[in-house]
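Please read the structure below before turning to the comments.
The values are calculated or read from the model by the stated rules, or taken from the named source; none is laboratory data. Since the model is a prediction, treat every value here as computed from it, not as a measurement. We place every Cβ from the backbone using ideal geometry, glycine too, and count neighbours over all the protein chains shown.
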């Protein structure tokens, strides 16, 4: 099948690369010429395991094409996937300007029956507006469907090829059949529903994941107050198959391009439908509060050594981890941004290291010193602060770390280490919920 994917961002590139790998002819369209030129050379603008290999392979085998031209791609395609961004406005609602622009250009270039499939995360209730926009410009027959993505950064290729479910939202039997045939080589449960329900599945899924994170952080707060161990508590809770372990881990809060914006967008949408989603407002509030709680842990750890109340003037801290999660260079809504800016406001000097995200971080956090390796980040610092749970951080040589640090203090925002072993090694150790 010939496919056009509109948007060469995270979702668009993964979608295009995987469908090309499955034998389809895929055009990927983006309005940013420099990005398209880089992609034609096989240069991917962000890090995602395996994605670069897939793109280079399918470029070489002439199944994948990058272009800025709708007229070059859309008329040849049976289905067009819309994968443009829907970033948040200041009030939390989704900004749909990129979506409507993409639909207008798609509509003008339709040739014969075309299925327009929305992968972008869009607010519930805009289906009529989408159809009206396309109908205004289209001279050919078209239909709409929604097929939301559920990718996790760091495992996006595997998530696309082996998803838990494929959601197809359309009342058209023809559209359903086309998408089922296109997804035939891909595993996962098929959920066929209407377009609005498909969109709601996406929002509800992300909202529940965010809720699990904030619940875990709330339990961590209680564990600290009650002298209990959050790791053991949540291990016991997650062992219940009705609940499960994923996302039931405390830390510095959720971040990234999906959960923060989707929670706020879902709250805003619920208000439009005359429902106050109090639970999600609490989830968002708990997540925001987690940053200041972590800052207080850092201050208290240093105060314990000083024996008095302090600000952070003159203190130098090593921050390990900048990306919002491991195996990505994505800094969008990364907790590290708020944490580092707050520490700098308090007078601290920051040296940071991340295996992948330092190039992107430098654009956002210019007042930070960046170290090319972990040892350089740690050397001579008053404390070591873990912000992102990269697995290599858990393998640190503690004897070497102790020699390099000015003071043997570790504040672990991801509970990477065993608290007892760290303390036995002579460190002042502060985790989450311990």
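Observations
- Inter-residue pairs, beta-carbon under 8 Å, first free of Cβ contacts under 8 Å to residues at least 12 places away in the same chain and in the range 242-258, second assigned to a loop (DSSP other than H, G, I, E, B), 6+ apart: 245/239
- Residues satisfying the stated conditions in the range 405-434, i.e. part of a loop (DSSP other than H, G, I, E, B) and closer than 12 Å to residue 251 by Cα: 413, 414, 415, 416, 431, 432, 433, 434
Okay, residues lined up against (1) under 26 Å from residue 156 (Cα atoms); (2) not in a loop (DSSP other than H, G, I, E, B):
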{"site": "314", "(1), (2)": "no, no"}
{"site": "341", "(1), (2)": "no, yes"}
{"site": "355", "(1), (2)": "yes, no"}
{"site": "375", "(1), (2)": "no, yes"}
{"site": "381", "(1), (2)": "no, no"}
{"site": "384", "(1), (2)": "no, yes"}
{"site": "389", "(1), (2)": "yes, no"}
{"site": "393", "(1), (2)": "yes, yes"}
{"site": "401", "(1), (2)": "no, yes"}
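- The number of residues in the range 26-81 that are in a loop (DSSP other than H, G, I, E, B) and at negative phi comes to 17.
- Test set (1) in contact with a helix residue (DSSP H, G or I) (Cβ under 7 Å, 6 or more places away or on another chain); (2) in the same structural domain as residue 162 (by TED's automatic domain parsing) - residue 188 fails condition number: (1)
- Selection status of residue 207, crowded, with 17+ Cβ neighbours inside 10 Å, closer than 26 Å to residue 265 by Cβ and not assigned by TED's automatic domain parsing to the domain that holds residue 79: yes
- Test for residue 182: is it more than 23 Å from the chain's Cα centre (by Cα), under 25 Å from residue 13 (Cβ atoms), touching a residue at least 24 places away in the same chain (Cβ under 8 Å) and assigned by TED's automatic domain parsing to the domain that holds residue 78: yes
- Residue within the range 60-68 that is surrounded by fewer than 23 Cβ atoms within 10 Å (Cβ to Cβ), in contact with a strand residue (DSSP E or B) (Cβ under 6 Å, 6 or more places away or on another chain) and more than 20 Å from residue 18 (Cβ to Cβ) present: no
- When every residue of the range 360-378 is checked against the conditions, none turns out to be touching a helix residue (DSSP H, G or I) at 6+ places or on another chain (Cβ under 6 Å), under 21 Å from residue 232 (Cα atoms), touching a residue at least 60 places away in the same chain (Cβ under 8 Å) and in the same structural domain as residue 327 (by TED's automatic domain parsing).
- Flag for residue 188 being touching a residue at least 24 places away in the same chain (Cβ under 8 Å), closer than 22 Å to residue 10 by Cβ and surrounded by fewer than 22 Cβ atoms within 10 Å (Cβ to Cβ): yes
- Across the range 33-44, the qualifying residues are those that are within 22 Å of the chain's Cα centre (by Cα) and within 26 Å of residue 104 (Cα to Cα), and the one among them that is surrounded by the fewest Cβ atoms within 10 Å (Cβ to Cβ) is 35.
- Selection of the range 319-335 for residues being in contact with a strand residue (DSSP E or B) (Cβ under 9 Å, 6 or more places away or on another chain) and either under 15 Å from residue 297 (Cα atoms) or assigned to a loop (DSSP other than H, G, I, E, B) (or both) yields 319, 321, 322.
- Enumeration of residues in the range 82-107 that are in contact with a helix residue (DSSP H, G or I) (Cβ under 8 Å, 6 or more places away or on another chain), farther than 20 Å from residue 199 by Cα and assigned to a loop (DSSP other than H, G, I, E, B): 91
- Some residue of the range 18-31 being farther than 21 Å from residue 158 by Cα and surrounded by fewer than 16 Cβ atoms within 10 Å (Cβ to Cβ): no
- Tally of residues being surrounded by fewer than 18 Cβ atoms within 10 Å (Cβ to Cβ) and touching a strand residue (DSSP E or B) at 6+ places or on another chain (Cβ under 9 Å) across the range 151-170: 3
- Exclusive hit being touching a residue at least 40 places away in the same chain (Cβ under 8 Å) and buried (at least 16 other Cβ atoms within 10 Å of the Cβ), set 401, 430: 430
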